[in-house]
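**Student:** Sharing a structure below in structure tokens format, with a few things to ask.
The values are calculated or read from the model by the stated rules, or taken from the named source; none is laboratory data. Keep in mind that this is a model prediction, so the values were computed, not measured. Cβ: placed from backbone, ideal geometry, glycine included. Neighbour counts: every protein chain shown. The area values use the complete protein model at the heavy-atom level, side chains included, leaving out ligands, DNA and RNA. Shrake-Rupley method; radii C 1.70, N 1.55, O 1.52, S 1.80 Å.
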Amino acid sequence: MKLIQKPLILALAFISFFLVTAPKAAFAQTDEIQVYDAAIADQGKFNVMLHSNYTPVGRKVADFPGGIIPNKSVNGTLEWAYGVKDWFEQGLYFPVYTAYSNGRGGSLNGFKIRELFVRPNAKDHTFFYGANFEFSFNYHYWESKFFTSEVRPIVGLHLHAVDLIFNPIVDTNYTGGFGNLEFVPALRVAYNLNDKWAMAAEEYADLGPLRHFDTTHNQFHELWAVVDHSGKSLSIETGVGVGVTSGADKLTFKLMLSRDLN
């Protein structure tokens, strides 16, 4: 019970501090497209994951003046992770990059620090949970503010071959008030064919600020078909996403490659 309580208490403390001090961010292009399932690197293990996302048919106008245009852009990051405890993973996204975008070509976009707290050995429990905190330092064309952050609660169920996972994410750029926190939830329903292969449906959304959600027409909603493969030396997640509202990109592909380094 103490092992369960410790990460939960720390996560709740982080959430309390964050929600007291934080306010809003707008949805823009992203370096990672992923639903967190409370899995972390084993204690003492280093892991690296390459995120790469290509939007062949996307929004043709930047979300803020001087920003990267999503249409035809290729974005990604290298995510470095270290298992500190069985309930705590320290992460670093560096570099965050755009390999190509209209009118700009390639660019470096900053870096992020990540703190991830989870229920220990989440994959072995029917009910699992966690909380992830990201602190981003951005170039002016990636986000409208230099410093932005994310709180990503994690709740889910392992139901034999089926996984149900929900990340009720809130973003902030530390302007405005509590009601201006941006609600950007993510959902995953996966079917595990065996211990190596899984197929999943995912949804990523941006509903707008908590004080007043955008109209459905203007919200960001994407539906994804995803395939995962867990290998001894390399794990792969790939998928295709289709926008279902006018505020979303019409077509996006993602590829994630990860492996332990020790």
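**Student:** Can you tell me which residue is most open to solvent (accessible area, probe 1.4 Å) among those in region 89-104 that are on the phi < 0 side of the Ramachandran plot and out of contact with any strand residue (DSSP E or B) (no Cβ under 6 Å at 6 or more places or on another chain)?
**Tutor:** Checked region 89-104; the qualifying residue most open to solvent (accessible area, probe 1.4 Å) is 104.
**Student:** Within region 144-162, track down each residue that is in contact with a Leu (Cβ under 7 Å, 6 or more places away or on another chain) and crowded, with 19+ Cβ neighbours inside 10 Å.
**Tutor:** Within region 144-162, 156 is the sole residue that qualifies.
**Student:** Out of the residues in region 166-201 meeting the condition of being over 13 Å from the mean Cα position of the chain (by Cα) and under 16 Å from residue 122 (Cβ atoms), tell me which one is most open to solvent (accessible area, probe 1.4 Å).
**Tutor:** 195
**Student:** Conditions first: (1) assigned to a strand (DSSP E or B); (2) in contact with a helix residue (DSSP H, G or I) (Cβ under 8 Å, 6 or more places away or on another chain). Residue 255 passes all but one, so which condition is the exception?
**Tutor:** (2)
**Student:** Give me the residue from region 116-143 that is out of contact with any Asp or Glu (no Cβ under 8 Å at 6 or more places or on another chain) and closer than 19 Å to residue 67 by Cβ and, out of that set, most open to solvent (accessible area, probe 1.4 Å).
**Tutor:** Ranking the qualifying residues of region 116-143, first place goes to 140.
**Student:** If you check every pair at least six apart or on different chains, which have Cβ atoms under 6 Å apart with a residue in region 80-93 that is over 14 Å from residue 42 (Cβ atoms) and modelled with pLDDT under 95 first and a residue that is not β-branched (Val, Ile, Thr) and not in a strand (DSSP E or B) second?
**Tutor:** Qualifying pairs under 6 Å: none.
**Student:** Oh, and also: How about region 230-243: which of its residues are surrounded by 13 or more Cβ atoms within 10 Å (Cβ to Cβ) and either touching a strand residue (DSSP E or B) at 6+ places or on another chain (Cβ under 6 Å) or closer than 19 Å to residue 76 by Cβ (or both)?
**Tutor:** Of everything in region 230-243, those that are surrounded by 13 or more Cβ atoms within 10 Å (Cβ to Cβ) and either touching a strand residue (DSSP E or B) at 6+ places or on another chain (Cβ under 6 Å) or closer than 19 Å to residue 76 by Cβ (or both) turn out to be 235, 236, 237, 238, 239, 240, 241, 242, 243.
**Student:** Still on this structure, please answer the following. Would you be able to tell me the number of residues in region 76-88 that are over 19 Å from residue 149 (Cβ atoms), buried (at least 21 other Cβ atoms within 10 Å of the Cβ) and within 18 Å of the chain's Cα centre (by Cα)?
**Tutor:** Looking only at that region, the number is 1.
**Student:** Continuing with the same structure: Considering only residues that are over 14 Å from residue 53 (Cβ atoms), without any contact (Cβ under 8 Å) to a residue 60 or more places away in the chain and part of a strand (DSSP E or B), which ones fall in region 217-241?
**Tutor:** Those that are over 14 Å from residue 53 (Cβ atoms), without any contact (Cβ under 8 Å) to a residue 60 or more places away in the chain and part of a strand (DSSP E or B): 221, 223, 225, 227, 228, 229, 230, 235, 236.
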